[in-house]
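See below for the structure under consideration.
Every number here is computed from the coordinates shown, using simple stated rules; none is lab data. Just so it is clear, the structure is predicted and the values come from calculations on it, not from any experiment. Cβ atoms come from the backbone with ideal geometry, glycine included; neighbour counts cover every protein chain shown.
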């Protein structure tokens, strides 16, 4: 049992005769019990934030013989640049089928391009569009996460994270995104 004793000290012998002070005794047991009850209540009633993670399957770096050729008419390349900007084009970087276009993230940005081009590819070939994501040195991790979110929103399942080439870096430099 916890208690607080506030009795006055004093000498035991001689000197003036003083009246004896009554000792004040405070029992702290109830306050300690209440403190633990409150702590327990707040621990049990708070919700812990669950980590948000996306499953991402990456191939082995040494496993090059299982790569299938991809038609350029079904391929959209997205280059991640600086300042939350992306540049995208259809086809190959040497001879793109559409002119490279600079946009941002969001409903009217890359999401609209993914949605429109995905519908065109599906109507033309009957298969889904393949998106190649190429982050640059100037892009951030948040840009990569935003791009994956945009792909999830439009329902694109065919995607790959690929190293960026020097030709594409030059393209980003030309448009002041590198």
Using just the helices of the chain, give the 222 nm mean residue ellipticity in deg cm²/dmol: DSSP H runs with n ≥ 4 each add -39,500 (n - 2.57), and the total is spread over all residues, rounded to 500.
-10000 deg cm²/dmol
Expressed in nanometres to one decimal, the distance between label points 7 Å along Cα→Cβ at residue 84 and residue 41 is 4.1
For residue 30 and residue 137, extending 7 Å from Cα along the Cα-Cβ vector and measuring point to point gives, in nm, a value of 7.0
What angle do you read, to the nearest 10 degrees and between 0 and 90, between the alpha-carbon axis of helix 29-45 and the longest principal axis of the chain?
10
Take the alpha-carbon centre of the range 23-37, take the same for the range 74-134, and report the distance between them in whole Å.
67
Could you work out the relative contact order of the chain? I mean the mean sequence separation of Cα pairs under 8 Å and 6+ apart, divided by the number of residues, in percent.
18
